[in-house]
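Throughout, read-outs are computed from the coordinates displayed, never taken from laboratory work. No experiment lies behind these values; they were computed from the predicted model shown. Cβ placement follows ideal geometry from the backbone for every residue including glycine, while neighbour counts extend to all protein chains displayed.
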Amino acid sequence: MAFSRKHSSELKLQVPGSTSNVGPGFDSFGIALDHLLTIHWQPNPKLELIRQGLLQESTLTAGRDPIVRGMRRAAILAGKALPPGKITVNGSFPPGRGLGASGAGLVGGLLLGNRLTGNNLDQSELHLEAIALEGHPENATASLLGGAHWSAPAGDGKWHHLAVHLHKDLRFLVVVPPYPLATSRAREVLPTSVAFSRAVQQARRTPILLEGLRTLDPTMIRIGVEDDLHVASRLRLLTGAKSVLEYADANGALGATLSGAGSALLILTRTGEMQKLESKLALRVMRLWGESGRVINARALLQGAHFA
């Protein structure tokens, strides 16, 4: 089968994963991490999807994969057919752990589909589509724009994305359990209503958290990272997770919570203290889950999705 000259070139795209919520920022706050999805497209007689690295854990069919969904949506918006191709995607973080694999895949697919169908859609349109496909803004925003953003609805289906400044020495340790947690299951256990006093407590924490992340003030981070809406309910689904968070807090972490919906755990630390805490957590994880669990270190990544 012949391919047109327009689509004869291979394309390579890098998209950061992300952590989200970070306590009170439920469905609002996302931070791009320096752990990437690398997506490689090349002409092929038919659609083919090959997963490499930790993404090999995914059990989704090609048609349900976020990358393919994003590509197909971009083609619909452009009113053009996608050329057939082989997609090879490699990831340094596993799916189903609250590290933004779905959001990154959707963003990558939308950008790739747009490029393959004439590159006529602008970033703002692709951004809105990524949020609509994902169902919430934080992971898609982090993957597309890079850095850290707090997102809020602006009416008429639009969003406002506030860039959040993070201290240059902020670092993350991500404890990855050997089991995933489906977002649908993580949402099923959330309370359908909360007491007014708890809602008030949640609202009070947001500015404290953001100032703590800007200044790396440990007291502010410890206060700000607490959550009254989703963390406790989800921790009950995650064997051993609560003990790991308590261990991190007791051993010098600036804060500890879930990464997104879980199952990964987000430990906040700083340059100079990360290595010591990482070693301690690695021993704890080994005792808890053997070689099936892992600890990865990460930092915020300012660059969003881009063609390499």
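What separates the Cα centres of the range 27-73 and the range 150-227 is a distance of 26 Å.
Charged neighbours of residue 188, selected by a Cβ distance under 15 Å, balance to +4 (K, R count +1; D, E count -1).
Pairs 12/158; 12/80; 46/80; 242/280; 12/46; 168/242: which are spaced more than 25 Å apart, C-alpha to C-alpha? Going by Cα-Cα distance, 12/158; 168/242 fall outside the 25 Å limit. Projecting the Cα atoms of 184, 272, 220 onto the charge dipole of the range 170-298 (Cβ charges, centred on the Cα centre) puts 184 farthest toward the positive pole. Altogether, the Stokes-Einstein calculation at 4 °C and 1.567 mPa s, with the Kirkwood radius of the range 170-298 over Cα pairs as Rh, returns a diffusion coefficient of 85 µm²/s.
Kindly express, to the nearest 10 degrees and within the range 0 to 90, the angle between helix 196-215's C-alpha long axis and the longest C-alpha principal axis of the chain. Between helix and principal axis, roughly 80 degrees. DSSP finds beta bridges in the chain, and of those with both partners inside it, around 90 percent are antiparallel. Counting only alpha carbon atoms, the long axis of helix 66-78 and the longest principal axis of the chain meet at about 50°. Of 154, 32, 104, the residue with the greatest mean-square motion in the GNM of the chain, using alpha carbon springs below 10 Å, is 154. The GluC sites (Glu not before Pro) of the range 201-291 that DSSP puts in a loop, and whose beta carbon has at most 15 other beta carbons within 10 Å, are 273. Between the helical axis of 274-289 and the longest alpha-carbon principal axis of the chain there is an angle of about 90 degrees.
For the chain, the orientation-averaged shadow of the C-alpha convex hull comes to 15.9 nm² (one quarter of the hull surface).
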